Protein chains: 2
Amino acid sequence: MTRQGDAHLQKSADPLRRRIVEAADELYYAQGFRAVGMDALSQRAGVSLKRLYTVFPSKESIVLAVLDYRHRMWADEIAAAVAQEATPRGRLLAIYDYLAGWFRSDSFRGCVFVNAFGELATESPAVATKAAEHKRDFRRYMERLAVEAGFSEELGDQLMLLAEGAQTTAAITGDSSMALKARRAAEALLSVEEPVQTQPV
Amino acid sequence: MTRQGDAHLQKSADPLRRRIVEAADELYYAQGFRAVGMDALSQRAGVSLKRLYTVFPSKESIVLAVLDYRHRMWADEIAAAVAQEATPRGRLLAIYDYLAGWFRSDSFRGCVFVNAFGELATESPAVATKAAEHKRDFRRYMERLAVEAGFSEELGDQLMLLAEGAQTTAAITGDSSMALKARRAAEALLSVEEPVQTQPV
DNA sequence: AGGTTCGGAGAACGTTCGTTCTCCCTTCGC
DNA sequence: GCGAAGGGAGAACGAACGTTCTCCGAACCT
């Protein structure tokens, strides 16, 4: 009996669940979580309300599933962008080029976790927790990248702050050049701190 | 007939209006805009619903008034913090110490404009515009500070991105040390760019 | 003093929305 | 062929909320 493993696999593989989450992701991100009702979601996903509620017990559980989905997407895409870079310096700066492309896309509406936090954190502690976990993971990832490149852990924090600031500023002002400004700031930070020749522990 | 001037003065001076805006500010910031109903606001402000609607035509207009109020507060407090610093370098870094104090306060829940944008932008273009104007003004302010200190305008943008990133990250993760990390990043950026001895135009 | 206007408390109205229920049709095991 | 289970469409329900209305008392002007 491999119950636990099977359940987890099924969770991602179930095509019905997947269709719901993808439809919810598009609608929620484009219009906001509260602005999209269960009726609109059921119509967009092509799934009846009744069936929706057999797959998910509540709207909140769908929101959480969407946040999980976005977290995986973000982590995968960042990792892919980083993997394309050969030099440590390029790997540390890859995030800003990724952001630049994202900011220029028509659908860009800021970081979904920031939006979810602003919209739902007061009434859904679970959403607040997911947002915090996402930011914590991103921070750790940048710290790891920094250390692997021979820089201090704190440099990773600083690069994360620039990326975060670029996301919210670009979302609110619609100015996609923030990615480039963040990148140039990051380059300056790299030039200050001399990479240390230590092996990552 | 000095209609325009009088109207503007009255707008800020009217103590009833002021009481409503201050109560709304506290409630909205602590609980979110949608979470606070007009009943709750009328009770907290000690103003009957009827009177509320004689002063403001709608909830949206109250939200906008609160955003104006916060914008003035932010601008004033930042300016005061900057004014206490004697050196150009100190003036550029003052923002991060201000943020540090803010982040540590119990009531800190992030930037109200970011929250308002996430909660209301899709259904209230006026709110989206106010948020964009606020960020634009803050950006211009930092650019001006940078130029006055003999740095490039772009350095101001970079310092703004760090401040923005610190605000959202501190709000979501609850980690108030982001202000210090942003400050150290800013110090590093200052150390890279040599101040030019040009007079601000 | 008396009528009129203002304002307070809160009920009422209309809408939206999350969630559940009803009704009906389809499908499938036997 | 037939009864039972499942699922679709959408009505129904209850709660929340923005906004308006009702009723009533108090203050003010002449």
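The values are calculated or read from the model by the stated rules, or taken from the named source; none is laboratory data. Predicted model only: the values in this text are computed from it and were never measured. FYI the Cβ positions are ideal-geometry reconstructions off the backbone, even for glycines, and counts take in every protein chain you see. Accessible surface areas use protein heavy atoms only, side chains included; no ligands, DNA or RNA. Shrake-Rupley method; radii C 1.70, N 1.55, O 1.52, S 1.80 Å.
Of all the criteria given as (1) at pLDDT 95 or above; (2) within 16 Å of DNA strand D (Cβ to nearest atom), the one not satisfied by A:PRO15 is (1). Within the stretch A:45-78, the set of residues being within 13 Å of DNA strand D (Cβ to nearest atom), more than 20 Å from A:LEU120 (Cβ to Cβ) and not β-branched (Val, Ile, Thr) comprises A:ALA45, A:GLY46, A:SER48, A:LEU49, A:LYS50, A:ARG51. Please go through the stretch A:46-64 and give me each residue that is in a helix (DSSP H, G or I) and open to solvent by 10 Å² or more (accessible area, probe 1.4 Å), ordered by number. Selection gives A:LEU49, A:LYS50, A:ARG51, A:TYR53, A:THR54, A:VAL55, A:LYS59, A:GLU60, A:SER61, A:LEU64.
With respect to B:PHE138, determine if the residue is of a type in the set (Phe, Trp, Tyr), more than 17 Å from the chain's Cα centre (by Cα) and more than 7 Å from chain A (Cβ to nearest Cβ). Before you say what the answer is, go through the steps one by one.
Working: of a type in the set (Phe, Trp, Tyr): yes; more than 17 Å from the chain's Cα centre (by Cα): no; more than 7 Å from chain A (Cβ to nearest Cβ): yes.
Against the criterion (of a type in the set (Phe, Trp, Tyr), more than 17 Å from the chain's Cα centre (by Cα) and more than 7 Å from chain A (Cβ to nearest Cβ)), B:PHE138 does not qualify.
Of these, B:ARG44, B:ARG70, B:ARG18, B:ARG51, which one is basic (Lys, Arg) and more than 16 Å from DNA strand C (Cβ to nearest atom)? The match here is B:ARG70.
Filtering the stretch A:149-170 for residues that are of a type in the set (Val, Ile, Thr) and within 26 Å of A:VAL63 (Cα to Cα) leaves a non-empty set. Exactly one residue out of B:LEU159, B:LEU145 is away from chain A (no Cβ under 11 Å), surrounded by 19 or more Cβ atoms within 10 Å (Cβ to Cβ), over 15 Å from the mean Cα position of the chain (by Cα) and over 30 Å from A:PHE33 (Cα atoms), and it is B:LEU145.
The set of residues from the stretch B:100-130 being among the β-branched types (Val, Ile, Thr) and either farther than 20 Å from A:ALA131 by Cα or at pLDDT below 95 (or both) comprises B:THR122, B:VAL127, B:THR129. Taken across the stretch A:67-86, residues that are within 23 Å of A:GLU194 (Cα to Cα), assigned to a loop (DSSP other than H, G, I, E, B) and without any contact (Cβ under 8 Å) to a residue 40 or more places away in the chain do occur, with at least one present. Filtered by the rule that a residue be at the interface with another protein chain (Cβ under 7 Å from one of its Cβ atoms) and within 18 Å of A:ALA131 (Cα to Cα), the stretch B:175-193 gives a lone residue, B:MET178.
Go through A:ALA35, A:ALA86, A:ALA81 for me and flag whichever is of a type in the set (A, V, I, L, M), within 16 Å of DNA strand D (Cβ to nearest atom) and surrounded by fewer than 20 Cβ atoms within 10 Å (Cβ to Cβ).
Details: A:ALA86 fails: within 16 Å of DNA strand D (Cβ to nearest atom); A:ALA81 fails: within 16 Å of DNA strand D (Cβ to nearest atom).
The conditions single out A:ALA35.
Does the stretch B:120-136 contain at least one residue that is among the polar types (S, T, N, Q), closer than 16 Å to B:GLY90 by Cα and part of a helix (DSSP H, G or I)? Explain how you work it out, then say what you get.
The initial filter retains those residues of the stretch B:120-136 that are among the polar types (S, T, N, Q), namely B:122, B:124, B:129.
Those still in the list that are closer than 16 Å to B:GLY90 by Cα too: none.
No, the stretch B:120-136 has no match at all.
Being part of a helix (DSSP H, G or I) and buried (at least 24 other Cβ atoms within 10 Å of the Cβ) holds for only one residue in A:ALA185, A:ALA100, and it is A:ALA185.
Among the residues of the stretch B:87-124, those that are within 14 Å of chain A (Cβ to nearest Cβ), free of Cβ contacts under 8 Å to residues at least 60 places away in the same chain and over 17 Å from B:ALA30 (Cα atoms) comprise B:ALA121, B:THR122, B:GLU123. Go through the stretch B:162-177 residue by residue and tally those that are open to solvent by less than 30 Å² (accessible area, probe 1.4 Å) and either at pLDDT below 95 or under 19 Å from B:TRP74 (Cα atoms) (or both). Final tally of qualifying residues: 10.
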